[in-house]
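Notes follow the structure.
The values are calculated or read from the model by the stated rules, or taken from the named source; none is laboratory data. All values reported here derive from a predicted model rather than from experimental measurement. For neighbour counting, all protein chains shown are included, and Cβ atoms are generated from backbone atoms with ideal geometry for every residue, glycine included. Calculation scope for accessible area: heavy atoms of the full protein, side chains included, ligands and nucleic acids excluded. Shrake-Rupley method; radii C 1.70, N 1.55, O 1.52, S 1.80 Å.
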Amino acid sequence: MEYPFNNLYDIVVAHAKKSPGKTIIREDDLKLSNSEFKKYVDQVAEYLKNHLEIKPDDKVAIFMSNSWQYIINVFAISKIGAVVVFINNFLKEDEIAYILNDSQSKLLFSSAKYAKETQSLMKKTDVRQIVWVDGTPPFENEKNIAYDTIFHGNDMACANDNMPFPSKLDDTGFIFYTSGTTGKPKGAMLSFRNIFSNIEGGIRLMKAKKGQLKLICYLPMFHAFTFTATIMVPIYTNSEVIVIRSLSGIKDFKKLLKTLLFSRCKYFTGVPDVYSAMAKAKLPWYFHWFHNVKGFISGAAPISDEVQKRFNKSFRKGKLLQGYGITECSPIVSCNSVDENRFGSVGRPLFNYQIKIVDDDMNSLPIGESGEICVKGDNVMKGYYNRPHETAETIIDGWFKTGDIGYLDKDGYIFIIDRKKDLIIHKGMNIYPREIEEILYTHSKVNACAVIGINDKDNNEVPIAYVELKEKETATEAEIKDFLKPNLATFKQPRKVLFVEKLPRNATGKILKRELRDQVRQERQTT
């Protein structure tokens, strides 16, 4: 497939030339036109190259909250041929240090509000300097640089003449670290081709003309889904990104809904927790009548059938479209469309991607039979950074093994059953935790749940359920077990039901079963 750009800076130059005055980024009262966007990118790139001596292929990490500066920094790093390393801003100091060391990052952009987590990282890593955005550096020395310094006295003529590194389509532009749900995070190396293929697939899915793909960016920018779907899609298509810094409470949620109403966006991207909240919210009648959304796209984590039903009942205008993605696939693999939206499915593959279902020996399975989902196409990552062995185990003849279990129907729609590593095998019988979870979600008192497998005293793997109840609700273990009995075979019944105030989640709302397994392991070691 051919693409109109080779790298990020090609996009900036093309749009600044074609429509310099068009707004490309909006944040509250701030509006950045294409020409202003290019000016800021040029200035930051010039500073990185000539003052901080960042070279092509150097790794530059970003640990920041959502902001227009975040986007500027990504494009500036890319302009000079360096590689952007995205870091989850929910991580703590040692976790950040691990990623900086693993990626061999030389420079870090940090929001000043995260000084507690980042100010000591130069002692633990090879990071030479930290650029502090939105605040004063915690220490005043040559290794701590205030972001505003970049723009004070910066020679724009020099910045404009600073020729970009001519990155090619297949060059590594980005490293996203996997969520670490099954162990230490690994850095997925994504090329410009990888990201651009996702964008082109999204454009075809939404059947939108370029310039008409305005989107709201409120999910954390460090996440591959946010970066591709809500930042890169509108910028690539010369549309508009509306930045909302965070969602930290009811006030911010109301701001999001107000922005959605008045922005007139035709598509909205979210995660299951957001759609669950929207389905529960008592929205004014005029919101339902006057919002302009055709498709509410859900990604980053599985959405339960119950949440879909509640949302569809509340939102008669605009369809909830479940998609499927994985970091290593840039990240979107498939999605339903407004015209063809199949309940329970994560849609069909995006344009030019192939899907096959395989057994443990990589043999293709027939339609309707469950096995591991494999993906092939321009979206498949180049590999894990400095991990050739893991890469070779995961990508076989161009096919990426997702680790997800599912099947294809006769029309090519993908149905996901569970994660391969979450599969519970009890006396030779397969138990898919998601099947149990889907039933639990239909209980009127259950807000969230997770089912994991543990070994019993006879060393047989058995399911146990963790349940997070809705606010002000109470329930007993017997009540939940009685609810499940008519709906599940005996061998699938959870042996225990444990109630927790809050289930552990990552930044996109995905429940971290690894932490639950670690908790069980620690409890057994202490008894």
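General remarks:
- Only protein atoms count toward the accessible area here, which uses a 1.4 Å probe; on segment 259-324, the carbon and sulfur part of that area reaches 59 percent.
- Divide the volume of the convex hull around the Cα atoms of segment 9-166 by the residue count and you get 109 Å³ per residue.
- Mean shadow area of the chain over all directions, Cα convex hull, nm²: 25.6
- Taking a straight Cα-Cα cut-off under 14 Å and skipping sequence neighbours fewer than 8 places away in the same chain, the aspartates and glutamates within cross-link reach of K31 are E240.
- Burial order of peptide ranges 323-330, 271-278 (average beta-carbon count within 10 Å, highest first): 323-330, 271-278
- For the peptides 342-349, 253-260, the ranking by packing is 342-349, 253-260, with the highest mean count of neighbouring Cβ atoms within 10 Å listed first.
- Taking 16 Å as the cut-off, the amide N atoms of segment 227-247 that come nearer than this to a point 7 Å along the Cα-to-beta-carbon line of S19 belong to 232-242.
- The chain: angle of helix 250-263 to the longest principal axis, Cα-based, in degrees nearest 10: 70
- Among the lysines of segment 337-434, pairs at least eight places apart or on separate chains and with Cα atoms under 14 Å apart come to 7.
- For the pair K427 and K31 in one chain, pulling the backbone fully straight at 0.36 nm per residue adds 136.4 nm over the alpha carbon distance.
- Solvent exposure, largest accessible area first (probe 1.4 Å, DNA, RNA and ligands not counted), of F222, F151, F262: F262, F151, F222
- T259-S314 FRET efficiency (beta carbon distance; Förster radius 22 Å; 0.05 resolution): 0.70
- Taking every C-alpha pair closer than 8 Å and separated by at least 6 residues, the mean separation divided by the residue count of segment 387-527 gives a relative contact order of 16 percent.
- Within the same chain, aspartates and glutamates fewer than 8 places from K186 are excluded, and of the rest, those with a Cα less than 17 Å from its Cα are D94, E95, D102, E328, E390, E393.
- Segments 368-377, 51-60 sorted - mean Cβ within 10 Å per residue, highest first: 368-377, 51-60
- Given K313/K445; K17/K39; K254/K280; K124/K513, the pairs whose alpha carbons are separated by over 21 Å: K124/K513
- 3J(HN,Hα) couplings calculated from phi for segment 76-90 with the Karplus curve 6.51 cos²θ - 1.76 cosθ + 1.60 (θ = phi - 60°) are, in sequence order, 5, 4, 5, 4, 8, x, 7, 10, 7, 10, 8, 10, 4, 7, 9 Hz; Gly and Pro show x.
- For segment 251-306 versus segment 50-123, the inter-centroid distance based on Cα atoms is 31 Å.
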